[in-house]
Amino acid sequence: MITSKAIRALTLGVAIGGISFSTIALAEEIPARGPLPFSAYDQNGDGFVSQEEFNAVREKRKAEGMPMRNALSFADLDQNQDGKLSVEEFAARRTGRMGNAPGAGPGAGMRGMMPTFSEFDLNKDGKITEAEFTDARTARITKRLQEGYQMRGLANAAAFEDIDTNHDGALSPEEFTAQQAMHRQQMRQ
């Protein structure tokens, strides 16, 4: 004999399942809004975004109905004008650190600010291991102390494990950038 509790539980389960399925289907229909991560543009996975990769993603986004009125151009992002975008150049669009001051060289707007991914990726393999992270952070702190900066908040600095959100033992450019964005937000509070 089926009880009324069992019928209610089954009905609730079917309703939740239907809502979940509808949400998934709807999410697949709605294109993603907001800035895409570096990996979405780096279609061949070589660690750089070429003009062709950049244009292909932008054209796809336009076709999906994403407005591109305020989007920076490839030339705006390619600070060193080498015909490809690095992780740092790409990340600078999100952080507002374009370094466009007259006479400023590539990355000039970033000096003395938050470190770049490449400063921590010591072996330049596109990821930051815990050893690289520790070595780079130690070198940065030492340098900043020698320059006379007060190093407040070191006790609250994020641990490698906290930044490595997918727990694969290495930091991706996206994980590194996400941590910096979170740090900037905390600094504003």
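No value in this document is a laboratory result; all are computed from the given coordinates. Source: prediction; values computed, not measured. With ideal geometry, Cβ positions are generated from the backbone for all residues, glycine too; neighbour counts draw on all protein chains shown.
By how many nm would the segment from L154 to A56 grow when fully extended, if each residue of separation counts as 0.36 nm and the alpha-carbon distance is taken off? Working it through step by step, the gained length comes to 31.1 nm.
Going from the fewest other Cβ atoms within 10 Å to the most, the residues S86, S39, S73 appear in the order S73, S39, S86. When each of the peptides 140-150, 56-66 is scored by the mean number of other C-beta atoms lying within 10 Å of its residues, the order from highest to lowest reads 56-66, 140-150. When a/c is below 1.5 the answer is rounded, else prolate if a/b is larger than b/c, else oblate, so apply that to segment 114-189 with a ≥ b ≥ c taken from the square roots of the Cα gyration tensor eigenvalues. Here segment 114-189 falls in the oblate category.
A protection proxy built from the mean count of other Cβ atoms within 10 Å ranks the segments 174-180, 128-134, most packed first, as 174-180, 128-134.
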